[in-house]
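**Q** Before I ask anything, let me first share the structure, which is written out below as structure tokens.
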Amino acid sequence: MVDMLVLAHRGASVDAPENTPEAFALADRMGADGVELDVRRSVDGRLLVAHDPLPDSLADVDALGLASFADVLDACGDRMLVNVEIKNSKSDPGYDATMSMVAPIIDELRRRGPHARQRWLISSFSWSTLAACRELAPDIATGCLTAAAVDEATIERLAAGGHVALHPWEPQVDEALVALCHANVMAINTWTCNDPDRLVALAELGVDGVCTDVPDIALSALGRLGGQVTSTWPGHVC
């Protein structure tokens, strides 16, 4: 068995509609170690689970039939790890410069009790959003998303800022990046890989977790059918 976390990307998103309660419940039944989901705030303040920017019109938002953040967390059950990606890039419509969306996201996680704290990891491409999370909730793990290469100084700065993980785009991952993260006591969780051979290669490099649209295929490729690797995010000290 290879001990790399298998994280269902937007749920089991090949076999069920992405970012829906059904997709997350299916990932749980498949045996995924955890899931990744995207949360956005609508113009009327609701926390909704969606990858793409939300429309400005509430009628258009409602027409999308998106699940609430609370309903999706409920669908994740009480076993899986949950990577909550906060969508709040400066280039997105509705960018929250005041970071006022952070507090209600934290509140929703904390509403599930201190016993669940080790299951949560907040990630974002907006490192200023993550800084707001660290300030408000230093007890909840954070991971920094990136699609570009990062250097040693950047990883050292992220580690010093209290972040427990780097979340790079899968093609960026090589032996040197894994070693650099681990040398700074940071986990490396990559996105998004569906190829069985590459999944095995990532595990052999020492990658801590991988987001995949096909958690059942990933678990099979890794010899991981049955049994959760861990109930705590790597690097997270509760």
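**Q** When both residues are 6+ apart or on different chains and their Cβ atoms are under 6 Å apart, which pairs have a first residue that lies in segment 21-38 and is more than 22 Å from GLN118 (Cβ to Cβ), and a second that is part of a helix (DSSP H, G or I) and of a type outside the set (D, E, K, R)?
**A** Pairs that qualify, where the first residue is more than 22 Å from GLN118 (Cβ to Cβ) and the partner is part of a helix (DSSP H, G or I) and of a type outside the set (D, E, K, R), are PRO21/VAL72; PRO21/ALA75.
**Q** State which residue is farthest from ASN88 (Cα to Cα) when the search covers only segment 139-161 and only residues that are assigned to a loop (DSSP other than H, G, I, E, B) and over 17 Å from the mean Cα position of the chain (by Cα). Outline the logic, then answer.
**A** Going through segment 139-161, the residues assigned to a loop (DSSP other than H, G, I, E, B) turn out to be 139-140, 147-151, 161.
Subset that is over 17 Å from the mean Cα position of the chain (by Cα): 148-151, 161.
Numbers: ALA148: 18, ALA149: 21, VAL150: 20, ASP151: 24, GLY161: 19 Å.
Checking each candidate, the answer is ASP151.
**Q** Quick one: which residue in PRO114, PRO171, PRO104 is surrounded by fewer than 18 Cβ atoms within 10 Å (Cβ to Cβ) and touching a residue at least 40 places away in the same chain (Cβ under 8 Å)? Before you say what the answer is, go through the steps one by one.
**A** On the way: PRO114 fails: touching a residue at least 40 places away in the same chain (Cβ under 8 Å); PRO171 fails: touching a residue at least 40 places away in the same chain (Cβ under 8 Å).
It is PRO104.
**Q** Okay, moving on. Identify the single condition in (1) surrounded by 14 or more Cβ atoms within 10 Å (Cβ to Cβ); (2) free of Cβ contacts under 8 Å to residues at least 12 places away in the same chain; (3) of a type outside the set (S, T, N, Q); (4) farther than 26 Å from PRO17 by Cα that ASP195 does not satisfy, given that it satisfies every other one.
**A** The one condition ASP195 does not meet is (4).
**Q** Now for a separate question. Just a yes or no: is a residue in segment 148-158 closer than 23 Å to LEU48 by Cβ, touching a helix residue (DSSP H, G or I) at 6+ places or on another chain (Cβ under 6 Å) and not charged (D, E, K, R)? Working first, answer last.
**A** Initially, segment 148-158 is screened for residues closer than 23 Å to LEU48 by Cβ, giving none.
No, there is no match, as no residue in segment 148-158 is closer than 23 Å to LEU48 by Cβ, touching a helix residue (DSSP H, G or I) at 6+ places or on another chain (Cβ under 6 Å) and not charged (D, E, K, R).
**Q** Exactly one of (1) of a type in the set (A, V, I, L, M); (2) surrounded by fewer than 20 Cβ atoms within 10 Å (Cβ to Cβ); (3) touching a helix residue (DSSP H, G or I) at 6+ places or on another chain (Cβ under 7 Å) is unmet by ALA218. Its number?
**A** In the conditions (1) of a type in the set (A, V, I, L, M); (2) surrounded by fewer than 20 Cβ atoms within 10 Å (Cβ to Cβ); (3) touching a helix residue (DSSP H, G or I) at 6+ places or on another chain (Cβ under 7 Å), ALA218 misses (2) alone.
**Q** Same structure again: Starting from segment 57-77, take each residue that is surrounded by fewer than 19 Cβ atoms within 10 Å (Cβ to Cβ) and list its partners that are modelled with pLDDT of 95 or more and not charged (D, E, K, R), counting only C-beta distances under 6 angstrom and pairs at least six apart or across chains.
**A** Once the first residue is surrounded by fewer than 19 Cβ atoms within 10 Å (Cβ to Cβ) and sits in segment 57-77, its partners that are modelled with pLDDT of 95 or more and not charged (D, E, K, R) give ASP71/PRO21.
**Q** Tell me which of these HIS167 doesn't satisfy, since it passes every other one: (1) within 21 Å of ILE122 (Cα to Cα); (2) out of contact with any Ser or Thr (no Cβ under 8 Å at 6 or more places or on another chain); (3) not in a loop (DSSP other than H, G, I, E, B).
**A** With (1) within 21 Å of ILE122 (Cα to Cα); (2) out of contact with any Ser or Thr (no Cβ under 8 Å at 6 or more places or on another chain); (3) not in a loop (DSSP other than H, G, I, E, B) applied to HIS167, the lone miss is (2).
**Q** Can you pull out the residues in segment 63-101 that are of a type in the set (A, V, I, L, M) and not in a helix (DSSP H, G or I)?
**A** If the condition is that a residue be of a type in the set (A, V, I, L, M) and not in a helix (DSSP H, G or I), then LEU64, LEU66, ALA67, MET80, LEU81, VAL82, VAL84, ILE86, ALA97, MET99, MET101 are the ones that fit.
The values are calculated or read from the model by the stated rules, or taken from the named source; none is laboratory data. Keep in mind that what you see is a predicted model, and the values were worked out from it rather than measured. Cβ sites come from the backbone with ideal geometry, for glycine too, and all protein chains shown count toward neighbours.
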